[in-house]
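Only one structure is covered here, and it is reproduced in the block below.
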Amino acid sequence: MADEPPFRDLRWRSACSGGNCVEVTFEGRHVSVRDGKRGDESPILTFTLEEWKAFVEGVKGGRFDPA
């Protein structure tokens with residue numbers, strides 16, 4: 001598909017907490033996420049910038065906090 005980001009030469013940013021790590025990269029109009037502990041072996045989830053912004057706003061707003 002033309003709208004998919006090319007998965008080459010990506011620069012991953014890592015964040016870890018409590019032994020869990022996530023890596024994120026920004027490629028054009030897409031954001032890709034993978035398991036930081038698995039690195040290149042991890043599946044990659046890809047979102048549009050709009051989807052990513054909505055997710056980050058939800059996290060900041062507590063939408064995903066346990067009940």
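Tell me, what HN-Hα J-couplings in whole Hz come from the Karplus equation 6.51 cos²θ - 1.76 cosθ + 1.60 at θ = phi - 60° for each residue of the stretch 46-53, using x for Gly and Pro?
Each residue of the stretch 46-53 in turn: 10, 10, 6, 4, 5, 5, 5, 4 Hz.
Can you put 37, 60 in order, fewest other beta carbons within 10 Å first?
60, 37
Between 47, 26, 55, which gets the highest mean-square fluctuation from a Gaussian network model of the chain, Cα cutoff 10 Å?
For the chain, modelled as a Gaussian network with Cα springs under 10 Å, the answer is 55.
Let me check I've understood the local charge: for residue 41, count other residues with C-beta under 15 angstrom from its C-beta, Lys and Arg +1, Asp and Glu -1. What total comes out?
0
With a point put 7 Å past each Cα toward its Cβ, work out how far residue 59 is from residue 44 in nm, to one decimal.
Spacing of the two 7 Å Cα→Cβ label points: 1.9 nm.
Would you mind counting up the charge near residue 58? Only other residues with Cβ under 12 Å from its Cβ, with Lys and Arg at +1 and Asp and Glu at -1.
It works out to a net charge of 0.
How much length is gained on full extension from residue 12 to residue 67, taking 0.36 nm per residue of separation minus their Cα-Cα distance?
Net length gain for the segment: 16.6 nm.
Every number in this text was worked out from the coordinates using simple rules, so none of it is lab data. Keep in mind that what you see is a predicted model, and the values were worked out from it rather than measured. Counting neighbours? That spans all protein chains shown, and the Cβs are built from the backbone with ideal geometry, glycine included.
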